[in-house]
Structure formats: C-alpha cells, structure tokens
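A short worksheet on the structure shown next.
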Amino acid sequence: MGKKVWAVAVALVLSGCGGKAVIESDMSRVVASSPSSPWLTVEGNGGAVLTVTGLEQKARVQVNPDVASAVQARVRTLLQPRYFTDLLINCAELEVQVSAKADDEAAPPTANLDLAVNCRIVARGPAVAKSYRLRQSATIDPAAPHLDTLVPKLLVAASNELAEKLWADVPVPAARR
C-alpha cells in the first residue's frame with residue numbers, strides 16, 4: 001500500500017511541475033531512405049523536440065532522429081534527380097514551430113507548422129541567398145490530435161514545398177565551353 005501512495009504522490013508532483021510525457025514521432029524511415037548527397041545540407045537549432053502550442057495543454061513531440069535531419073532527407077530525396085555537377089545548397093538556421101487553433105467556431109480546428117530557414121544556392125558559380133518561410137496546415141480533433149503522425153505529415157509537406165521553392169531559385173548555370 002505504501003508503494004501505491006508513493007507512486008500517486010510522485011505522479012502528482014510531476015504533473016504539478018510540468019513533467020509531461022513526450023510524444024514519440026519516428027521519421028527514421030524518411031531519413032534512412034534518403035540518398036547521401038553532400039551537396040545539400042540543412043542545419044537547424046531546433047533539435048529534436050517540438051512544442052505544440054494552442055491546445056489545452058502544451059504537448060511536446062520528439063522527432064526521431066531530429067527535425068533538421070528529417071527536412072534535409074526529404075529535400076534531398078526530391079532534389080537528387082535534378083542534381084547537376086557543381087550545385088551546392090546549404091540551408092542554416094532552420095526553425096520549426098507547431099501550433100493548434102481550435103477556438104474559432106466558424107473554422108474547423110487546425111494544426112499549423114511554420115518552417116523558416118535561410119539558404120544559399122551556388123550553381124556553377126552564380127549564387128543566391130534567400131530566406132524561406134512556409135506554413136503547412138491540417139485539420140485536427142483537439143480531443144485526440146494524434147500528434148505522433150500529424151507532426152511528421154506536416155513536416156514532410158513543408159519539406160516538399162521547400163524543395164520546390166529551392167529548385168525554383170536555383171540560378172541557371174552558364175553554359176560550359
């Protein structure tokens with residue numbers, strides 16, 4: 001009986017000081033299936049845990065292996081077939097934020113993923129530096145948002161959009177003689 005009381009006391013203390021469980025979100029398959037492409041890098045300071053705001057309680061989603069690796073893998077997979085020699089794409093300062101909005105009665109509840117990153121693209125000499133800000137949204141059920149699958153879905157969609165925008169900004173290389 002003493003052990004049960006102790007367990008309940010520990011649970012109450014942890015819940016009172018914000019000891020919330022972290023929701024696991026596995027994106028290791030996306031990363032593992034990505035080609036090895038040293039010409040494209042995405043670096044971020046977001047780490048592996050995303051805090052989802054706007055719900056009754058803040059939720060934390062841990063992206064495995066980490067957010068930058070997942071974005072980099074997806075962008076590499078999409079751009080690898082378009083690669084040409086002397087193309088370098090380096091993206092840094094990746095920031096990802098996830099929020100939910102469920103207070104507007106006219107609109108269905110949604111989750112939003114905002115992605116911001118600064119990239120430099122070099123194509124056989126000509127270079128372009130550009131900042132990208134993207135938003136992906138999906139409807140949710142606030143009572144059961146299924147963040148373990150929703151966050152990867154939004155992250156993949158934002159990465160797909162980033163790949164298209166990066167490719168649109170690749171400078172046309174000069175013809176070789």
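Search region 30-49 for residues being among the small types (Gly, Ala, Ser) and more than 12 Å from the chain's Cα centre (by Cα), and hand back the single one that is surrounded by the most Cβ atoms within 10 Å (Cβ to Cβ).
Ser34
Considering only region 81-98, I want to know if a residue exists there that is in contact with a strand residue (DSSP E or B) (Cβ under 7 Å, 6 or more places away or on another chain) and over 30 Å from Ala123 (Cβ atoms).
yes
Pick from Val63, Val52, Val75: which is open to solvent by less than 60 Å² (accessible area, probe 1.4 Å), modelled with pLDDT of 90 or more and under 19 Å from Tyr132 (Cα atoms)?
Working: Val63 fails: under 19 Å from Tyr132 (Cα atoms); Val52 fails: under 19 Å from Tyr132 (Cα atoms).
Only one candidate passes the filter, namely Val75.
Assuming Pro142 fulfils every condition listed in (1) outside any helix (DSSP H, G or I); (2) in contact (Cβ under 8 Å) with a residue 60 or more places away in the chain; (3) open to solvent by less than 40 Å² (accessible area, probe 1.4 Å) apart from one, which condition is it?
For Pro142, the exception is condition (3).
Give me the residue from region 80-98 that is in a strand (DSSP E or B) and of a type outside the set (A, V, I, L, M, F, W, C) and, out of that set, nearest to Leu50 (Cα to Cα). Don't jump to the end; show me each part of the working.
If we filter region 80-98 for residues that are in a strand (DSSP E or B), which is where we start, we get 87-98.
Still in the running and of a type outside the set (A, V, I, L, M, F, W, C): 90, 93, 95, 97.
On the way: Asn90: 23, Glu93: 15, Glu95: 10, Gln97: 7 Å.
Here the answer is Gln97.
So, Leu115, is that one in contact (Cβ under 8 Å) with a residue 60 or more places away in the chain, in contact with a strand residue (DSSP E or B) (Cβ under 7 Å, 6 or more places away or on another chain) and crowded, with 20+ Cβ neighbours inside 10 Å or not?
On the way: in contact (Cβ under 8 Å) with a residue 60 or more places away in the chain: no; in contact with a strand residue (DSSP E or B) (Cβ under 7 Å, 6 or more places away or on another chain): yes; crowded, with 20+ Cβ neighbours inside 10 Å: yes.
When the stated conditions are applied, Leu115 does not pass them.
Go through Leu134, Leu162, Leu155 for me and flag whichever is part of a strand (DSSP E or B) and open to solvent by less than 40 Å² (accessible area, probe 1.4 Å).
Leu134
Find the residue count for region 78-104, including only residues that are farther than 24 Å from Arg60 by Cα and open to solvent by less than 80 Å² (accessible area, probe 1.4 Å). Spell out how you get there, then give the answer.
As a first pass, look at region 78-104 and keep what is farther than 24 Å from Arg60 by Cα: 78-91.
If we keep only those that are open to solvent by less than 80 Å² (accessible area, probe 1.4 Å) as well, we get 78-80, 84-85, 87, 89-91.
Counting residues in region 78-104 that are farther than 24 Å from Arg60 by Cα and open to solvent by less than 80 Å² (accessible area, probe 1.4 Å) gives 9.
The values are calculated or read from the model by the stated rules, or taken from the named source; none is laboratory data. Being a predicted model, the structure only gives us computed values, none of them experimental. Glycine gets a Cβ as well: all are built from the backbone with ideal geometry, and neighbour counts include every protein chain shown. In case anyone asks, the SASA skips ligands and DNA or RNA and just uses the protein heavy atoms, side chains included. Shrake-Rupley method; radii C 1.70, N 1.55, O 1.52, S 1.80 Å.
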